[in-house]
Amino acid sequence: MTLTAFAAETEERFALARQVADAVLFEGYVLYPYRASAAKNRLRWQFGVLVPPAWGAECDEHDFQHTECLMEPKAGATLSVEVRFLHARRRTVQRARPDGGFDTVPELDLDDRVLVPWDEGVEERVEVIAPVDRLLGDGVTHPFHLPAREDTAPVLDAAGRTVGRLLRRREEIHGTVRLSARELDGPYRTLRLTAVVENTSGWTPPEGHGADRDAALPHSLVATHLLMALSAGSFLSMTDPPEWARDAVAACRNLHTWPVLAGEPGRADLVLSSPIILDDHPAIAPESPGALYDATEIDEILALRTAALTDEEKREARGTDERAAAVIELADSMPPEVLERLHGAVRSLREVTDPAAPGPGFTAVAPGLGDGFPDEYGVRPDTPWWDPASDAGFDPTRDRVVVDGRSVGKGSRVELRPGLRRTDAQDIFLRGRTAEVEAVLHDVDGGVHLAVTVEGDPGADIRREQGRYLYFQPDEVTPLEDDA
């Protein structure tokens, strides 16, 4: 495959992955109620911020991301890497004077919006394409430079008269992408790929402003993440690797980022390395009507609350940012049938009791069977979290199972060892933690699952009351005591 053909094919594959990558890029970009004056929109850019080294040395933020993952490239394979991030563009609002000049003002009140100073995020991309063979040894170093820029845009009133202007400035940024690979010992030709993104800008804090994050942000790479594709060959999952590669995966160092397989399910030639932990092949929910930039909220609730903002609040939101204005228009124009799709979407539903028994309002979500996610049974307050009538031969609170020669049941303490089969990135936080067994569950296929609460979880009492537990198979735990 020629380099041109590979670039075209890679662009097509990246286009699909960018749907998820865009959610990473704009995570928390502007939060409800989408106004610059809102307290939670005054401290921004929380994920993947690579600050200038001189400022990073004085704070808890970092000037680099370090990704390591395993790949099995075929002979002659080429690696394509795309670094994506936001470049903060500082916007100043100015009012027109009768003499033709402009004065900087804290706000400019128009009929349909209120313009205020704001940091806009401009998407930037840095691309590196290199044959895999070139990555061996010293690897490839690709410096990049974004020059400072300043531009203005007139602000017109409803009659078309110039009433002000927006002055936008981007500061200079220098950075480096370093790619290298090392062949590992083992039954298959496997390489450990290392990708490092660094902010190498020479900017230093102004005298007396060493801790001023606001001054450092225009010189920073924001929401930084990587897309990496192989022209021939595949990457190994970092969360569910084959057994022979588990030790090699465990030896990989990932600092301030986490790589997952991306793109179409079933393919393994594309990786997204993100500052937000994701599972392999992440996807945008098909019900989602558009970007709302506030993933801490449920889309349905957020759309309803946005539509309920006052006219004055909507005017300020429209003047805060073009993306905030788009959210306002989306909420105001959302048809009822689109909003209805956001209500109660459930996937991978598995019935766990007689559907007639629980009555209205009962929903059951199948446990993840040891995947580390807080998968739960949802219950009515007046209904037991398990249905005693479903099978009189089982009692989750009394049943026991033998694990490593020890009897385990309700009240037993265990150490969690998730990841022996399919798994996810959340297992990183649970592996090695201790937990208390709350119940022993039997499924219709004869499998046994342990419902547990993690020790030290401040919400454990509430989880017990509601019957909301984490679930693991017996071979994913180690008993800590023999209480038979």
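The values are calculated or read from the model by the stated rules, or taken from the named source; none is laboratory data. Only a predicted model underlies this, so the values are computations on that prediction, with no experimental measurement involved. Because the Cβ atoms are built from the backbone with ideal geometry, glycine has one as well, and the counts that use them run over all protein chains shown. Protein only, heavy atoms only, side chains kept; ligands, DNA and RNA dropped before computing areas. Shrake-Rupley method; radii C 1.70, N 1.55, O 1.52, S 1.80 Å.
Data for the structure
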quantity: The listed residue being modelled with pLDDT of 90 or more and open to solvent by 50 Å² or more (accessible area, probe 1.4 Å), out of Val437, Val414, Val444, Val402; calculated: Val402
quantity: Answer residue from the stretch 173-227, given it is acidic (Asp, Glu) and within 23 Å of Arg91 (Cβ to Cβ) and is most open to solvent (accessible area, probe 1.4 Å) among those; calculated: Asp214
quantity: Residue that is within 20 Å of Glu322 (Cβ to Cβ) and over 26 Å from the mean Cα position of the chain (by Cα), where the choices are Leu31, Leu136, Leu115; calculated: Leu115
quantity: Residue that is nearest to Leu255 (Cα to Cα), among those in the stretch 26-47 that are open to solvent by 50 Å² or more (accessible area, probe 1.4 Å) and in a helix (DSSP H, G or I); calculated: Lys40
quantity: Flag if Asp111 is closer than 20 Å to Ala317 by Cα, surrounded by fewer than 18 Cβ atoms within 10 Å (Cβ to Cβ) and not β-branched (Val, Ile, Thr); calculated: yes
quantity: Residue in the stretch 157-171 that is loosely packed, with under 13 Cβ neighbours inside 10 Å, farther than 29 Å from Ala325 by Cβ and over 27 Å from the mean Cα position of the chain (by Cα) present; calculated: no
quantity: Breaking point among (1) more than 27 Å from the chain's Cα centre (by Cα); (2) open to solvent by less than 10 Å² (accessible area, probe 1.4 Å), for Leu86; calculated: (1)
quantity: Complete set of residues in the stretch 48-79 that are open to solvent by 10 Å² or more (accessible area, probe 1.4 Å), part of a strand (DSSP E or B) and closer than 28 Å to Leu146 by Cα; calculated: His62, Phe64, His66, Glu68, Thr78
quantity: Tabulated pairs, the stretch 42-63, first among the aromatic types (Phe, Trp, Tyr), second in a loop (DSSP other than H, G, I, E, B), C-beta under 6 angstrom, 6+ apart or interchain; calculated: Phe47/Glu27; Phe47/Pro275; Phe47/Ile276; Trp55/Pro205
quantity: Qualifying position, being more than 30 Å from Arg323 (Cα to Cα) and touching a residue at least 40 places away in the same chain (Cβ under 8 Å), among Asp280, Asp269; calculated: Asp269
quantity: Index of the failed condition, His142 passing every other in (1) assigned to a strand (DSSP E or B); (2) open to solvent by 50 Å² or more (accessible area, probe 1.4 Å); (3) under 29 Å from Thr320 (Cα atoms); calculated: (3)
